[in-house]
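Please read the structure below before turning to the comments.
The values are calculated or read from the model by the stated rules, or taken from the named source; none is laboratory data. Every value quoted in this text rests on a predicted model; they were computed, and no experiment measured them. Glycine also receives a Cβ, built like all others from the backbone with ideal geometry; neighbour counts cover every protein chain displayed. Heads up: the accessible areas ignore ligands, DNA and RNA and are worked out on the full protein's heavy atoms, side chains in. Shrake-Rupley method; radii C 1.70, N 1.55, O 1.52, S 1.80 Å.
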Amino acid sequence: MATAKEVKFLLTCCRSCRSLRGPQSRAFAALVPGVSQVDNNSDFLGKKPHRKHPGILRLPHVRLPQALANAAQLLLLEKPVRGIEKQVQALSNYLWSRHLPVEPEELQRRAADLEKKFLENQDSTQTEEKLRGAVLQALRRTTYHWQRLSYNEELSLIYMAARLDGGFAAVFRAFHEIQARTPEFQPQTLMDFGCGTGSVAWAAHSTWGQSLREYVCVDSSAAMLGLAEKLLKGGSESGKPCVPGVFFRQFLPVSPKVQFDVVVSAFALSELPSKADRIEVVQNLWRKTSHFLVLVENGTKAGHRLLMDARDLVLQEKEKSPLDLQPGFVFAPCPHERPCPQLAASKSLACSFSQAYHPIPFSWNKKPKEETFSMVILARGSPKEANRWPRITQPVLKRPRHVHCHLCCPDGHMQHAVVTARRHGRDLYRCARVSSWGDLLPVIAPSSSPLSPAEEPTES
């Protein structure tokens, strides 16, 4: 048995070892014991319980509007697709595992590297024609072959069965973020680029149905637009629209003066064939935005990187136009406008979120599901300091008397905070314990640099 003096000596040695870790200690110092505290500007501690603090943004299981679910079921009954269950699964897997197309410059660089490698390792007498054939064969074997999806009537139905409910859940969660943090915002106009089955219009109507008067849905596929219109009319071509004021078109409005309160692109930027096309579209969408631009993609590394490129593009436009009376800023999910720390990490991770939902009750599709997605919400104006709270980027780990939170902080760094009631106070501990992945933690960060674990106050 170790004596009390020996135990004390071992604890002292452990603290000394921790102090030698250097920069790694910063990862556990986002919330400083005795200094960080709950941001109670809204006085929620005096009026609401901790489980309803202002940073709570999670939603319970989302359900499609009943009229939309009924219309989707009716359309599949009227036009059954052979092997629909397997085709739905195959399309879902394909869309999730899809990568961005390889740019021509990158393809040329790979070809040059392969040619150099072949010249070094193979017979120098090889003819130029054989060398070119070997390079092309290697490129075909190692390069992702991106293809544009051409939606006909049947593929549109399969897409509806595969993605209508999950896409609705992701967009509804993004709209909920705007509504919860800016309840005074009441949009009147909305434009949806790449509208597909029209789930964005339904989600917007469920969120701001009392104020929205005009929905412009844009998609290049005539078959998809026809399907979206049928869903809007209860599954028929002659029914009364369930959502008034919806207009469908195949091209973006040409006039630069036409702006919309909310502009959305959900799972559409990844359908564009090149980076140049994405840049042009994002610039056009931002010019047509008067308040919020909402971008949503799959919660994969490819989807996240695509959204970060769009985010950086809008922020660069802000730097190029310093006289702009309404410059852009990041409303969500980032609490800062610095480079994404997830991409800067040695092993990059996708910044993604999860939303539970009840799927359309097809015969193969009855259990609750989770939609994993990435989003960026850009807004015009200037950010409020009260909203610059750390974002929880991973599931919260709740342990006896302490909570692990992985945070994206306003200083542009990722932090791993271990919150306890004894060190950080009862209020902050309870707020952390009831928070979830994707929520904001309403904490005032200390103005001074964080203490390392070696400098934390010792507990007697």
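Some values worked out for this structure:
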quantity: Filter result (within 16 Å of the chain's Cα centre (by Cα) and either more than 24 Å from residue 293 (Cα to Cα) or open to solvent by 70 Å² or more (accessible area, probe 1.4 Å) (or both)) within the stretch 357-396; calculated: 370, 394, 395
quantity: Among (1) surrounded by 12 or more Cβ atoms within 10 Å (Cβ to Cβ); (2) in contact (Cβ under 8 Å) with a residue 60 or more places away in the chain; (3) not acidic (Asp, Glu) - the single one residue 79 does not satisfy; calculated: (1)
quantity: Residues satisfying the stated conditions in the stretch 292-312, i.e. more than 19 Å from residue 93 (Cβ to Cβ) and assigned to a strand (DSSP E or B); calculated: 292, 293, 294, 295, 296
quantity: Output for the stretch 339-393, where each listed residue is of a type in the set (Asp, Glu) and in a helix (DSSP H, G or I); calculated: 385
quantity: Top-ranked residue in the stretch 82-106 [being farther than 21 Å from residue 167 by Cβ and open to solvent by less than 70 Å² (accessible area, probe 1.4 Å); ranked as modelled with the highest pLDDT]; calculated: 83
quantity: Residue match in the stretch 348-356 (condition: free of Cβ contacts under 8 Å to residues at least 60 places away in the same chain, surrounded by 22 or more Cβ atoms within 10 Å (Cβ to Cβ) and either touching a Ser or Thr at 6+ places or on another chain (Cβ under 9 Å) or assigned by the TED database to the domain that holds residue 173 (or both)); calculated: yes
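This table checks each residue for (1) within 22 Å of residue 350 (Cβ to Cβ); (2) in the same structural domain as residue 366 (by the TED database); (3) of a type in the set (Val, Ile, Thr).
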site	(1), (2), (3)
105	no, no, no
113	no, no, no
120	no, no, no
127	no, no, yes
130	no, no, no
138	no, no, no
160	no, yes, no
168	yes, yes, no
